[in-house]
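Everything on this sheet refers to the single structure shown next.
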Amino acid sequence: MAISTGGGADTPMSDINTTPLVDVMLVLLIIFLIAVPVAIQTIEKLKIPVFVSVESKNKVENLQLTVSTTDAAGRSAGEPGFEGASRSGECRVYFNNITPVSSEELYDQAFTRLDNIVKAAGGVEAIMADPEKIPQVHIRADVQAPWRCVAGTIYNVQAAGYPTVGFISNPVEPGI
């Protein structure tokens, strides 16, 4: 192996000293060779407890709403030949993501549902004392649904008394 003295006065020395790197790698290799078998033997003795999942009795269910529109031919989602929501279509709101409701029915059902939750909690004072018991509204809107449909839905649930309205979105890949 040749030893370089720097090459001359005009050029900088460009050789990298790899000895410390090799020393560190050998030490790490020895540590892992000792630590891995010890960790594997310790993990094999670990007993993970199994718990039965039980639905919470006091958990409040949030109101799920889906907002869409009819397609260009006036067909709703789920009907044969539905071609997707259209910006010029009629607004469609699905209560708890299943039952289609009109604007008036949305207000009535949302108000009745919230009223039942407040009564079950022991009244307005009791539910205000524990904000976790206040249900939220989660709206999932079709990307083609016009804002007038979404805004009308927000207006109706807030008029029914729901203080918190949030949106559920499906993230998309950038550039698609």
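Taken together, the values in this text are just the output of simple stated rules run on the coordinates, not laboratory data. Note that the structure is a prediction, hence the values are computed from the model and not measured.
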Other-chain or far-sequence residues with amide H under 5 Å of ARG140's (modelled H): LEU65, THR66, VAL67, ILE168
Note, ³J(HN,Hα) from phi for region 11-22, Karplus 6.51, -1.76, 1.60, rounded to Hz, x at Gly and Pro: 10, x, 7, 10, 7, 9, 7, 8, 4, x, 5, 5
Rg [Å, one decimal], Dmax [Å, integer] - region 64-133, C-alpha atoms: 16.7, 50
